[in-house]
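J.: Have a look at this one before I ask anything.
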Amino acid sequence: MRFRTFSTLPGPLQQRRTLWLALACSLGLVLALYLAGGWRPYVSAPAGFHYGINSPFDMLAFLLPPGWWVQAQQALLILRTALAGWCICLYLVRHFGSSCRLFAPLSAGYAAAVYTGCIINLVWVDAALLLPLLLAAADRALRGQGGRAMAALCFVCVVSNCYTAWPVCLFCLLYGLWQLLALPGALDWRRVCRAMRRLAAAMLPGVALALLLVLPVVITQYHSDAFQFLPGSADFGFGPMALAYCLFFGRYSSACAAAGMPYLYIGSAALMLALCYFLGSAPTRAKFVSALLTAGVAASYLLELPGVSWQNGDDLAVFPFRYGFLLSAMLILFAADTLVHAAPPVPALGAGLFLAAIYLLGYRGTVGSAARLWRLAAGAVLYLACCVLLRQRARHGWQRQAGKVLAVLMLADVVVSSCISLYGGFLWL
């Protein structure tokens with residue numbers, strides 16, 4: 001990718017405006033999803049309270065009378081998911097050295113992805129909130145700066161929820177390698193190794209200290225039969241094509257959830273913009289490395305990894321289901337790259353139509369009775385609209401108007417995608 005190292009940050013005023021806009025969009029969008037559910041908490045507490053007790057934020061609910069616990073958990077979820085949108089906007093501003101206003105609706109898409117993924121199980125939300133901050137710290141650590149910030153964030157990530165910290169820390173290492181390999185110019189493997197050593201050295205103190213604090217508690221609980229580890233399986237929890245269509249057309253059955261299919265919704269429009277990155281003018285090596293890492297993260301969702309069974313006997317650990325926000329963050333990064341740089345050329349955008357046609361040919365056979373013609377039509381319209389608006393943003397005098405229309409399109413689309421994901425439709429209609 002054409003990654004920048006934010007050596008030329010935008011002015012403080014422009015940066016603050018973009019960040020405030022991102023927070024407003026994220027909070028408004030999450031509240032819209034709560035309204036779509038009838039202003040009722042989606043989870044049934046207190047049966048699920050132990051999901052989030054390891055997080056100090058969720059412990060705040062227990063300071064209130066029992067009758068307020070459910071509403072407090074819901075309010076904390078809304079606030080933290082909105083903050084997750086703000087955090088990823090902060091990361092994008094620093095990463096690209098740009099205060100592009102369209103980062104705000106993209107960030108709202110990440111907030112929606114975290115909300116849809118964590119509303120069933122609060123245990124994931126802190127890791128999703130910390131992920132953008134860890135990526136921003138990784139950027140600095142790769143340049144030999146900010147090692148203490150990386151260590152502190154890793155410590156907080158592991159201590160606040162060790163259950164979801166390991167894939168986040170692993171992803172940070174993969175992210176660093178991805179960044180280095182995607183840089184233009186000849187590969188300098190010595191430079192790559194030095195930078196990766198700096199990143200690992202920055203992460204290690206925080207992770208090690210956190211494990212020293214957490215491990216005795218885990219061992220004690222394990223020997224008290226409070227929980228037990230469950231073996232994994234080499235089998236796929238669901239079909240690869242089901243995951244591919246899940247990205248664009250919603251999750252259709254409880255069987256998919258039981259098999260571990262992740263929530264990956266940042267909105268179909270944002271996904272179209274992410275696709276446009278691979279149609280743009282980025283160097284071939286950067287596209288190849290980006291595609292390879294994306295495929296690897298997506299493939300990890302197909303494996304049923306070891307889980308944990310708590311003392312109530314319920315299996316709460318369908319691991320692939322938990323980490324959809326990792327892929328969501330990657331897709332948002334691709335989409336942001338598309339927005340920051342020149343629009344893909346018209347022939348490349350046209351070639352994308354052939355890829356879309358091949359993709360759509362298998363839609364009905366994979367989705368079955370849930371297939372709807374209007375969803376296919378909506379996907380085609382979204383792609384064409386994104387292409388037109390990207391080209392219009394490149395024309396003198398049309399940048400602001402095209403940007404506003406694109407922002408509204410992204411926000412409206414992510415609401416629709418998330419409502420289909422959460423509720424199967426619109427409960428207020």
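J.: Consider only pairs whose beta carbons are under 6 Å apart and that are at least six residues apart or on different chains; among these, list those whose first residue lies in region 374-394 and is aromatic (Phe, Trp, Tyr) and whose second residue is surrounded by 16 or more Cβ atoms within 10 Å (Cβ to Cβ).
T.: Note: pairs meeting the criteria are TYR383/MET272.
J.: From ALA137, ALA151, ALA141, which residue is over 24 Å from GLN15 (Cα atoms), assigned to a helix (DSSP H, G or I), hydrophobic (A, V, I, L, M, F, W, C) and touching a Leu at 6+ places or on another chain (Cβ under 9 Å)?
T.: Values: ALA137 fails: over 24 Å from GLN15 (Cα atoms); ALA141 fails: over 24 Å from GLN15 (Cα atoms).
Answer to the check: ALA151.
J.: Return the pairs, sorted by first residue and then second, in which the second residue is buried (at least 18 other Cβ atoms within 10 Å of the Cβ) and among the hydroxyl-bearing types (Ser, Thr, Tyr), the first residue lies in region 68-85 and is within 17 Å of ALA32 (Cβ to Cβ), the beta carbons are less than 6 Å apart, and the residues are 6+ apart or on different chains.
T.: From residues that are within 17 Å of ALA32 (Cβ to Cβ), the pairs are THR81/TYR115; ALA82/SER26; GLY85/SER26; GLY85/SER107; GLY85/TYR110.
J.: Considering only region 172-188, how many residues are part of a helix (DSSP H, G or I) and small (Gly, Ala, Ser)?
T.: The qualifying residues number 2.
J.: For ALA348, are the conditions met, namely being in contact with a helix residue (DSSP H, G or I) (Cβ under 9 Å, 6 or more places away or on another chain), at pLDDT 70 or above and surrounded by fewer than 17 Cβ atoms within 10 Å (Cβ to Cβ)?
T.: Considered against the rule, which asks whether it is in contact with a helix residue (DSSP H, G or I) (Cβ under 9 Å, 6 or more places away or on another chain), at pLDDT 70 or above and surrounded by fewer than 17 Cβ atoms within 10 Å (Cβ to Cβ), ALA348 comes out as yes.
J.: Run down LEU134, LEU92, LEU106 and say which single residue is surrounded by 23 or more Cβ atoms within 10 Å (Cβ to Cβ) and more than 25 Å from GLY403 (Cβ to Cβ).
T.: Values: LEU92 fails: more than 25 Å from GLY403 (Cβ to Cβ); LEU106 fails: more than 25 Å from GLY403 (Cβ to Cβ).
Only one candidate qualifies: LEU134.
J.: For region 66-88, how many residues are open to solvent by less than 10 Å² (accessible area, probe 1.4 Å) and either of a type in the set (Val, Ile, Thr) or under 13 Å from VAL340 (Cβ atoms) (or both)?
T.: 2
J.: Looking at ALA84 and the list (1) within 13 Å of the chain's Cα centre (by Cα); (2) closer than 18 Å to LEU271 by Cβ; (3) among the small types (Gly, Ala, Ser), which single condition is not satisfied?
T.: Evaluating ALA84 over (1) within 13 Å of the chain's Cα centre (by Cα); (2) closer than 18 Å to LEU271 by Cβ; (3) among the small types (Gly, Ala, Ser) leaves (2) as the failure.
Conditions (1) open to solvent by less than 10 Å² (accessible area, probe 1.4 Å); (2) under 16 Å from the mean Cα position of the chain (by Cα); (3) at positive phi; (4) in contact (Cβ under 8 Å) with a residue 40 or more places away in the chain, marked per residue:
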| residue | (1), (2), (3), (4) |
| --- | --- |
| ALA127 | yes, yes, no, yes |
| ALA141 | yes, no, no, yes |
| GLN145 | no, no, no, no |
| ALA152 | no, no, no, yes |
| THR164 | yes, yes, no, yes |
| PRO167 | no, yes, no, yes |
| LEU177 | no, no, no, no |
| ALA182 | yes, no, no, yes |
| LEU187 | no, no, no, no |
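J.: Separate question: Report the residue count in region 164-203 for those that are more than 23 Å from LYS287 (Cα to Cα) and among the polar types (S, T, N, Q).
T.: Summing the residues that are more than 23 Å from LYS287 (Cα to Cα) and among the polar types (S, T, N, Q) in region 164-203 gives 1.
J.: Which of the residues spanning region 290-302 are open to solvent by less than 20 Å² (accessible area, probe 1.4 Å) and either modelled with pLDDT of 90 or more or assigned to a loop (DSSP other than H, G, I, E, B) (or both)?
T.: If the condition is that a residue be open to solvent by less than 20 Å² (accessible area, probe 1.4 Å) and either modelled with pLDDT of 90 or more or assigned to a loop (DSSP other than H, G, I, E, B) (or both), then SER290, TYR301, LEU302 are the ones that fit.
J.: Read through the list (1) in a loop (DSSP other than H, G, I, E, B); (2) of a type outside the set (D, E, K, R); (3) at pLDDT 80 or above, then give the number of the only condition that VAL416 fails.
T.: (1)
J.: Sticking with this structure for a sec: Within region 317-331, can one find any residue that is open to solvent by 50 Å² or more (accessible area, probe 1.4 Å), at pLDDT 75 or above and either assigned to a helix (DSSP H, G or I) or within 27 Å of PRO105 (Cβ to Cβ) (or both)?
T.: No, because not a single residue in region 317-331 is open to solvent by 50 Å² or more (accessible area, probe 1.4 Å), at pLDDT 75 or above and either assigned to a helix (DSSP H, G or I) or within 27 Å of PRO105 (Cβ to Cβ) (or both).
J.: Here is a follow-up. From the list THR81, THR164, THR116, which residue is more than 18 Å from VAL415 (Cα to Cα), assigned to a helix (DSSP H, G or I) and in contact with a helix residue (DSSP H, G or I) (Cβ under 6 Å, 6 or more places away or on another chain)? Give the derivation first.
T.: Values: THR81 fails: more than 18 Å from VAL415 (Cα to Cα); THR116 fails: more than 18 Å from VAL415 (Cα to Cα).
Checking each option against the conditions leaves just THR164.
J.: One residue is enough: does region 34-50 have a residue meeting the conditions within 28 Å of PRO344 (Cβ to Cβ), modelled with pLDDT of 85 or more and surrounded by 15 or more Cβ atoms within 10 Å (Cβ to Cβ)?
T.: no
The values are calculated or read from the model by the stated rules, or taken from the named source; none is laboratory data. For clarity, every value in this text was computed on a predicted model and none was experimentally measured. Cβ: placed from backbone, ideal geometry, glycine included. Neighbour counts: every protein chain shown. Just so you know, the surface numbers come from the protein's heavy atoms only, side chains and all, with ligands and any DNA or RNA stripped out. Shrake-Rupley method; radii C 1.70, N 1.55, O 1.52, S 1.80 Å.
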